1. Tell me which residues, restricted to the range 58-92, are of a type in the set (A, V, I, L, M, F, W, C) and under 16 Å from residue 115 (Cβ atoms).
2. Give me the pairs: first residue in the range 67-86 and closer than 18 Å to residue 102 by Cβ, second residue surrounded by fewer than 12 Cβ atoms within 10 Å (Cβ to Cβ) and of a type in the set (Phe, Trp, Tyr), beta-carbon distance under 9 Å, and six or more apart or on different chains, which are they?
3. Within the range 49-69, can you find the residues that are touching a Lys or Arg at 6+ places or on another chain (Cβ under 9 Å) and modelled with pLDDT of 95 or more?
4. Mind checking whether some residue in the range 39-48 is touching a Lys or Arg at 6+ places or on another chain (Cβ under 8 Å), crowded, with 17+ Cβ neighbours inside 10 Å, at pLDDT below 95 and in a helix (DSSP H, G or I)?
5. Scan the range 49-59 for residues that are crowded, with 16+ Cβ neighbours inside 10 Å, outside any loop (DSSP other than H, G, I, E, B) and not basic (Lys, Arg) and jot them down.
6. How many residues does the range 60-86 contain that are within 18 Å of residue 108 (Cα to Cα), of a type outside the set (A, V, I, L, M) and surrounded by 11 or more Cβ atoms within 10 Å (Cβ to Cβ)?
7. Filter the range 89-101 down to residues that are under 16 Å from residue 53 (Cα atoms) and touching a helix residue (DSSP H, G or I) at 6+ places or on another chain (Cβ under 9 Å) and give me whichever is surrounded by the most Cβ atoms within 10 Å (Cβ to Cβ).
Amino acid sequence: MPTGKEAITAALVSAALCLAGCKEEGVTKGSRAQAPVATARGEQLFRERCAPCHPNGGNTINPKKTLHGSVLADYGITTAADIVKVLRHPGPGMPKFDQTTIPEQDAKLIGEYVLATFR
């Protein structure tokens, strides 16, 4: 019998396989919409690590610095790699998330989730 974590992983893989067979107009190969497992993992990581200070893409410390696309763009943050840079070297008020705290792949998933969710 699978453990809780194994059951969740199996469910996510099953959902990804089901969704992989679905076609959505305007979705191109390699787009975020074709990576539901990665998006789900990015959302989970965001909720665990970021949502306490950034609920719904906002900012409880500095309300002017939200995670919404236009605000991020104002600060030159337009890619997942840009978000990873901020995680690694944040400004005042934000804790630093080094690779021990958030591994590189997880940081990229968070960045992709933020860009896809808070455009």
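1. Applying the first criterion (of a type in the set (A, V, I, L, M, F, W, C)) to the range 58-92 yields 61, 67, 71-73, 77, 80-81, 83-84, 86-87.
Result: 67, 71, 72, 73, 77, 80, 81, 83, 84, 86, 87.
2. If the second residue must be surrounded by fewer than 12 Cβ atoms within 10 Å (Cβ to Cβ) and of a type in the set (Phe, Trp, Tyr), the pairs left are 82/75; 86/75.
3. The first filter runs over the range 49-69 and keeps only residues touching a Lys or Arg at 6+ places or on another chain (Cβ under 9 Å), leaving 59, 68-69.
59, 68, listed by residue number.
4. Step one: list which residues in the range 39-48 are touching a Lys or Arg at 6+ places or on another chain (Cβ under 8 Å), which gives 39.
With the extra rule that they be crowded, with 17+ Cβ neighbours inside 10 Å, the set shrinks to 39.
When the remaining residues are screened for being at pLDDT below 95, the result is 39.
If we keep only those that are in a helix (DSSP H, G or I) too, we end up with 39.
The answer is yes; a qualifying residue exists.
5. Across the range 49-59, the qualifying residue is only 57.
6. Number satisfying all stated conditions: 6.
7. Initially, the range 89-101 is screened for residues under 16 Å from residue 53 (Cα atoms), giving 90-97.
From the residues that got through so far, the ones that are touching a helix residue (DSSP H, G or I) at 6+ places or on another chain (Cβ under 9 Å) too are 94, 96-97.
Working: 94: 17, 96: 10, 97: 20.
That would be 97.
The values are calculated or read from the model by the stated rules, or taken from the named source; none is laboratory data. Here the structure is a predicted model, which is why all the values come from computation and not from measurement. Counting neighbours? That spans all protein chains shown, and the Cβs are built from the backbone with ideal geometry, glycine included.
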